[in-house]
Amino acid sequence: MRVLVFGAAGAQGGAVARRLADEGYAVRGLSRTGAAPDGVEPFRADLGDAGRVAEAFAGVTHASVVLPLEFDPVPVAAYVRNVVEAATAAGVRRLVFCTGNRLPAEETGVPAFETRRAAARAMLESPVPSVVLCPPLYLENLAAPWVREGLAAEGVLRYPVPARVRLAWLSHADLAAATLAALTGEGLEGATLDLGGEPVTGPELAAAFGARYEAVDVDAFEAGLAAVAGARTAAGVAATYRWIAGRGHDLYAAPAGGAERLGITVTSPAAWASALRWASR
């Protein structure tokens, strides 16, 4: 099995690439910069370059796909088309697509959700046997400086979701385990699997860190993220949190089931927090 991992220089793709390499698989890591984890063959490509994407699939039998933080439907559709066409031409035996978030049951008008819904549909309808993984929020979000500083200095966990909303969480390591299982497991073709652990409220999450919870205004969150990731990306991400606060209270509260089907164990927030030296706990 030779696996092409998209986004190998990023948090999600990097975790997947490292896990596969550690398991002894041949891994080619595609990224825009050409960076890749140790033990992974680096491959520099822009997803908008169809020829370069096709080159990346040379000799590949399986692929793990995550899209960049781009929410404009036009370029995202082109990225997906390039991936599907290249994977089809290469005769890829299994493609695993991580949406980067749960997908609401109904259409939302939120580009961050709808571009991924369209991408998942395109891959599942393609000739390539595909599996779609829909993670909830990532525990690593809580290691962002603006969250970490509040935990360590004040014993306050701040996050842009109302305290009463129940959230499921997943670590990047758990995503890597799920991706490995989805790439190699039998009878999974065509499946869309929600991932995540037992949903918790904001105060319950904060208790895992020995802290109290404080909901952050989404506008303030967007402004802070814009300083790091740029205004377009920040606006796209913030729109998902606005939708969750206004209409999507159950997006992460429904039972997941994907982890059980894949045979993996999801790390709890408490277990994840216990390994962090900076946490107030």
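Listing for the model above:
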{"quantity": "Among the candidates ALA256, ALA238, ALA273, residue that is surrounded by 20 or more Cβ atoms within 10 Å (Cβ to Cβ) and farther than 25 Å from GLY109 by Cα", "calculated": "ALA273"}
{"quantity": "Among residues of the stretch 140-154, those that are more than 13 Å from GLY210 (Cα to Cα), touching a residue at least 60 places away in the same chain (Cβ under 8 Å) and small (Gly, Ala, Ser), counted", "calculated": "1"}
{"quantity": "Test: residue in the stretch 161-173 that is among the polar types (S, T, N, Q), touching a residue at least 60 places away in the same chain (Cβ under 8 Å) and more than 17 Å from GLU198 (Cα to Cα)", "calculated": "no"}
{"quantity": "Residue list for the stretch 179-212, restricted to those being under 26 Å from ALA270 (Cβ atoms) and either of a type in the set (Val, Ile, Thr) or surrounded by fewer than 20 Cβ atoms within 10 Å (Cβ to Cβ) (or both)", "calculated": "THR179, GLU198, VAL200, THR201, PRO203, GLU204, ALA207, GLY210, ARG212"}
{"quantity": "Residue match in the stretch 182-199 (condition: within 22 Å of PHE71 (Cβ to Cβ), at pLDDT 95 or above and over 20 Å from the mean Cα position of the chain (by Cα))", "calculated": "no"}
{"quantity": "Pairs where the first residue, in the stretch 84-106, is over 27 Å from ALA54 (Cα atoms) and the second is assigned to a strand (DSSP E or B) and among the charged types (D, E, K, R), C-beta under 9 Å, 6+ apart", "calculated": "ARG102/ASP194; LEU103/ASP194"}
{"quantity": "Some residue of the stretch 114-130 being more than 30 Å from ALA90 (Cα to Cα) and not polar (S, T, N, Q)", "calculated": "no"}
{"quantity": "Pairs with Cβ under 7 Å, 6+ apart, first in the stretch 30-51 and farther than 10 Å from ALA17 by Cβ, second surrounded by fewer than 16 Cβ atoms within 10 Å (Cβ to Cβ) and among the polar types (S, T, N, Q)", "calculated": "ARG44/THR33"}
{"quantity": "Within the stretch 1-90, strands (runs of 3 or more DSSP E) holding 1 or more residues that are modelled with pLDDT of 95 or more, of a type in the set (Gly, Ala, Ser) and crowded, with 23+ Cβ neighbours inside 10 Å", "calculated": "26-31, 62-66"}
{"quantity": "Pairs with Cβ under 7 Å, 6+ apart, first in the stretch 250-270 and within 17 Å of GLU140 (Cα to Cα), second β-branched (Val, Ile, Thr) and part of a strand (DSSP E or B)", "calculated": "PRO269/VAL200"}
{"quantity": "Filter result (among the basic types (Lys, Arg) and assigned to a helix (DSSP H, G or I)) within the stretch 100-157", "calculated": "ARG116, ARG117, ARG121, ARG148"}
{"quantity": "Subset tally (residues that are more than 22 Å from ALA163 (Cα to Cα) and part of a helix (DSSP H, G or I)) for the stretch 237-273", "calculated": "5"}
{"quantity": "First in the stretch 187-202 and at positive phi, second anywhere and buried (at least 20 other Cβ atoms within 10 Å of the Cβ) and among the hydroxyl-bearing types (Ser, Thr, Tyr), Cβ under 8 Å, 6 or more apart", "calculated": "GLY190/SER130; GLY196/TYR252"}
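Conditions tested, residue by residue: (1) of a type in the set (D, E, K, R); (2) in contact with a Phe, Trp or Tyr (Cβ under 8 Å, 6 or more places away or on another chain).
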residue: LEU67; (1), (2): no, yes
residue: PRO75; (1), (2): no, no
residue: ARG117; (1), (2): yes, no
residue: SER126; (1), (2): no, no
residue: PRO136; (1), (2): no, yes
residue: GLU140; (1), (2): yes, no
residue: VAL161; (1), (2): no, yes
residue: ALA173; (1), (2): no, no
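The values are calculated or read from the model by the stated rules, or taken from the named source; none is laboratory data. These numbers were taken from a predicted model, which means no experiment stands behind them. Glycine also receives a Cβ, built like all others from the backbone with ideal geometry; neighbour counts cover every protein chain displayed.
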